[in-house]
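For reference, the structure is listed below as structure tokens.
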């Protein structure tokens, strides 16, 4: 994080050549940044528009820009809606993809096992490759499906659905899309512990690790993975002050502060809230505009408190500089990949490294703060496991 990946991508795209680029970012403010920074070529952003009295949505706009061969910048959210038409247009125009942060390539759908069984019996079927297809032939006979599972239908028609254990539906980004680009750059750190890496391994998508080098004050990509991490960690090690005191007692044990802990230890929510308030107000006596904290979204109201509620930053925040003024942090979670997704990868003979997954998530969150500007930060990290992982990483032991 902060090694110049985005700057290197901007320098790459500012080269005057015949390449065409699609830049995908998690956030709209980064869309603006790319449009302003890429002065050598004009980037277009898909938008809702009206033509001849008809309203066209962002995906239609994306298709129009692809047809015209424009350089495009848009969000992960829109890219995840890609259809067969999107894929065909990408291939025909010969685009290069720059993906800012790994994509959420697989996620569990909120469809009950009973509803899944009904859908499989009435409207869906599983192919030999494991994809779920919608029974369009039945619709031709009986009429278009108008039930409450419209989103499931759309995913199935778009080849986005797979099934796990016979009753769990998973949204799956179509892996063949990456083969349609001339090249793909994924701007991220610790890729080896991220879901997109495991997803690539399942589907046989080849990749290699590159680095960023600063040459003559200019960031650029290099396929030589250098050993600068050790030196970087030495510089920042003394700039991250990790709280070590009695408030850590609540996080003792390997699974304390996990999502299941929050569900099963409701009587400890108030104590965790008091600890957080104590750390910000008494131990650090920090100003509210410098405070940054997180918990699982569903439990935010339980842990929120006076003087720090507005400093909430989502536990999975990525690729943003909005919080770089924050220097007093509280991270009240203990990250694990969900058992369902871990089980799915295991069924595909892919072993998930839960330790590295947790570390990657933690570091990404911490690097939203002032540490990205090489400034000192203080952090209360009550989870014994997360604290151990961070210290090991800082000491270059992971």
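Hey, could you pull the Cα Rg and Dmax for region 107-172, both in Å?
Cα radius of gyration and Dmax of region 107-172 are 10.9, 32 Å respectively.
So what's the gap between the Cα centers of region 253-275 and region 1-78, to the nearest angstrom?
What the calculation gives is 42 Å, centre to centre.
Using only alpha carbon pairs under 8 Å that are at least six residues apart, calculate the relative contact order of region 107-172 and give it in whole percent.
43 percent
Which distance in Å, rounded to a whole number, links the C-alpha centroids of region 283-343 and region 132-158?
About 40 Å separates the Cα centre of region 283-343 from the one of region 132-158.
What ranking of 6, 96 emerges when the number of other C-beta atoms within 10 Å of each C-beta is taken as an exposure proxy, fewest first?
96, 6
Taking the DSSP beta bridges in region 75-188 as the whole, what percent of them are antiparallel, to the nearest 5? Present the calculation step by step, with values, prior to reporting the outcome.
On the way: 11 of 15 bridges.
The antiparallel fraction comes to roughly 75 percent.
Restricting to the chain, compute how many DSSP beta bridges are antiparallel as a %, nearest 5.
Roughly 40 percent of the DSSP beta bridges within the chain come out antiparallel.
If you line up the long axis of helix 84-93 against the longest principal axis of the chain, both from Cα atoms, how many degrees apart are they, to the nearest 10?
90 degrees
Run lengths n ≥ 4 of DSSP H only: what is the helix-derived mean residue ellipticity at 222 nm for the chain, with -39500 (n - 2.57) per run over all residues, to the nearest 500?
About -9500 deg cm²/dmol.
Using 0.36 nm per residue of separation minus the Cα-Cα distance, give me the extension gain between residue 118 and residue 347 in nm, one decimal. Before the final figure, lay out the partial values.
Details: separation 229, 0.36 × 229 = 82.44 nm, distance 2.37 nm.
Here the segment from residue 118 to residue 347 would lengthen by 80.1 nm.
Quick one: go through region 269-304 and flag any residue whose amide nitrogen is under 15 Å from the point 7 Å out along the Cα-to-Cβ line of residue 36.
So the set is empty, nothing qualifies.
Testing the spin-label approximation: label points 7 Å from Cα along Cα→Cβ at residue 57 and residue 44. State their distance in nm.
2.0 nm
Provide the gained length on full extension for the span residue 210 to residue 192, in nm with one decimal, where the gain is 0.36 nm per separating residue minus the Cα-Cα distance.
Full-extension gain reported as 5.2 nm.
Any idea what Rg and Dmax come out to for the chain if you just take the C-alpha atoms, in Å?
Cα radius of gyration and Dmax of the chain are 23.0, 69 Å respectively.
Which residue, 85, 342, 183, tops the fluctuation ranking in a GNM of the chain built on C-alpha contacts under 10 Å?
In the Gaussian network model the winner is 85.
Return 18, 30 ranked ascending by Cβ neighbour count within 10 Å, so the fewest neighbours appear first.
18, 30
Pull out the extension gain between residue 146 and residue 239, defined as 0.36 nm times the separation in residues minus the alpha carbon to alpha carbon distance; nm, one decimal. Don't skip to the answer; put the middle values down first.
On the way: separation 93, 0.36 × 93 = 33.48 nm, distance 5.72 nm.
Computed gain between residue 146 and residue 239 is 27.8 nm.
What nm value, rounded to one decimal, do you get for the distance between residue 139 and residue 223 when each label is placed 7 Å out toward the C-beta?
4.4 nm
Rank 305, 179, 147 by mean-square fluctuation in a GNM of the chain with C-alpha springs under 10 angstrom and give only the top-ranked residue.
147
With contacts defined as alpha carbon pairs under 8 Å and 6 or more residues apart, what's the relative contact order of region 202-241 in percent?
27 percent
Please report, in cubic angstrom per residue, the volume enclosed by the convex hull of the alpha-carbon atoms of region 230-394.
Roughly 120 Å³ of hull volume per residue.
Out of 83, 50, 295, any idea which swings most in a Gaussian network model of the chain, alpha carbons joined below 10 Å?
Judging by the Gaussian network model, the answer is 50.
Using a 7 Å offset from the Cα along the Cα-to-Cβ direction at both residue 131 and residue 259, what is the distance between the two label points in nm, to one decimal?
Between residue 131 and residue 259, the simple spin-label model gives 2.8 nm.
Quote the FRET efficiency, to the nearest 0.05, computed for residue 398 versus residue 231 with a Förster distance R0 of 22 Å and r equal to the Cβ-Cβ distance.
Here the calculated transfer efficiency is 0.85.
Read-outs throughout are calculated quantities, based only on the coordinates presented, and are distinct from any laboratory measurement. Please read all numbers here as calculations on a predicted model, not as lab measurements. Quick reminder, even Gly has a Cβ in these numbers, built from the backbone with ideal geometry, and neighbours come from all protein chains shown.
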